[in-house]
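Right, one structure below, let's go through it.
Laboratory data are not the source of any read-out in this text; all were calculated from the coordinates shown. This one's a predicted model, so the numbers in the text were calculated from it and none came from an experiment. For neighbour counting, all protein chains shown are included, and Cβ atoms are generated from backbone atoms with ideal geometry for every residue, glycine included.
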Amino acid sequence: MSDQTMNLDDGVNNIDISVPVYGYRTFIDLPFDIVELSNGKHKIYDATSTYDARWCECQLVLSEADQAELTDFLSDSAKGRASSTVVISLSAGSGLHLFAPDKGDDGPFTVAMEILNRTGIGVDPWLYFKDSLRIVNQGAWPSYTPPAEVADGSITIDTITALRFPPDWFNPEVRYTTVMSLGRDGTALFVDRSTGGDSFKTRATLVCTENKMAALIARLVGTSRAGTFSLTTGDNHFPFGYDKGDDTTHTVRLLQNQIVVTHYDYNRFSVDLEFGWES
């Protein structure tokens, strides 16, 4: 097994096939019920990490020989077909983070595998097959120590410092609790629930190296979760629009029950995050 292959083992049979191509995504489902309150803030019920789930959606680009092995392995009920006990092993330092960087690139991982889509042999690349898979973690996580963090930028989320500013900037969503209606003559009439009900949210796509993404995901999923934490930004960042300022520390809450991490190039990952402003 090389760092360009992964080993699939059903306990009796095992095969080595090419690793997924870049662009694969890790989905982290969090058991959150999120409610917006009348004051514009949020409360979240967290059923705890016992009910977290992670899976990877990826594409394999396979030679005819590799396709033959994978087809045999996943079509045979005596092997990996409809099995939740397939073990994936990777070469040390493979760089393949099926379940996000905080869970490592070594394995072994006990998984269930499902073919989402497959194409026939094609021209690009010449005479290769393409299979889209969903790989769902089923077992305990192997021990893993992420690499030391290296500064990427100037943003801090909770205890994770020196994160890169979002390349596409912040996308704030500001909602004032005023409703205007017009009379027949165009006279404006308002219902105003006052500033105590105004709501401030923001979305951002963060781009990180492996070490920063590992630290960020581990913190958000392992510690911050449904609680409040800090978001510290710098000059001209204005994450929640002009109302809440730029160079300051905000108390925020994560407003999503699914986190998607994309590994789209060597040592480059992205994640879409949504925060609600608390104070």
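Per residue, the convex hull spanned by the Cα atoms of region 155-277 measures out at 135 cubic angstrom. Value of Rg to Rh for region 159-208, rounded to two decimals, is 1.28; Kirkwood radius and Rg both from alpha-carbon coordinates. Treating each Cα of region 102-201 as one equal point scatterer and applying the Debye formula with no solvent, the log10 of I(q)/I(0) at q = 0.11, 0.15 Å⁻¹ comes out as -0.82, -0.97. Annotation for THR71 and TYR22: the two label points, set 7 Å from Cα along the Cα-Cβ direction, are 3.0 nm apart.
Once you order the gyration tensor axes a ≥ b ≥ c over the Cα atoms, which shape class does the chain get: rounded for a/c under 1.5, otherwise prolate or oblate by comparing a/b with b/c? Since a/c reaches 1.5 and a/b is larger than b/c, the shape of the chain is classed as prolate. Here region 4-68 is treated as a Stokes sphere of Kirkwood radius computed over C-alpha pairs; at 10 °C and 1.306 mPa s its diffusion coefficient rounds to 102 µm²/s.
Cross-link pairs exceeding 19 Å between alpha carbons, from the set LYS43/LYS201; LYS43/LYS212; LYS41/LYS244; LYS41/LYS201: LYS43/LYS212. The share of Cα pairs per 5 Å bin across region 1-154, counted from zero up to the longest distance, runs 2, 8, 15, 19, 18, 13, 9, 7, 5, 3, 2, 0, 0 percent.
Using 7 Å Cα-to-Cβ label points, what is the LYS43/GLN258 separation (nm, one decimal)? Result: 2.6 nm between the two label points.
For the chain, what is the calculated [θ] at 222 nm in deg cm²/dmol (nearest 500), taking -39500 (n - 2.57) for each run of four or more DSSP H residues and dividing by its residue count? Could you put the intermediate results ahead of the total?
Values: 2 runs with 22 residues, N = 279.
That comes out to -2500 deg cm²/dmol.
Here the label points at VAL123 and ALA92, each 7 Å from Cα along the C-beta direction, are separated by 4.5 nm in the simple model. Across the chain, C-alpha contacts under 8 Å between residues 6 or more apart give a mean separation that, scaled by the residue count, equals a relative contact order of 20 percent.
For region 105-146, dividing the convex hull volume of the Cα atoms by the residue count gives 99 Å³ per residue.
Once the mean 1/r over all distinct Cα pairs of region 232-279 is inverted, what Kirkwood radius in angstroms do you read off?
Working: mean 1/r = 0.0799 Å⁻¹.
The Cα-based Kirkwood calculation yields 12.5 Å.
If I take R0 = 22 Å and measure r between the Cβ atoms of THR145 and ASN267 in this structure, what FRET efficiency does the formula 1/(1 + (r/R0)^6) give, to the nearest 0.05?
On the way: r = 17 Å, r/R0 = 0.79.
Efficiency, from the Cβ-Cβ distance: 0.80.
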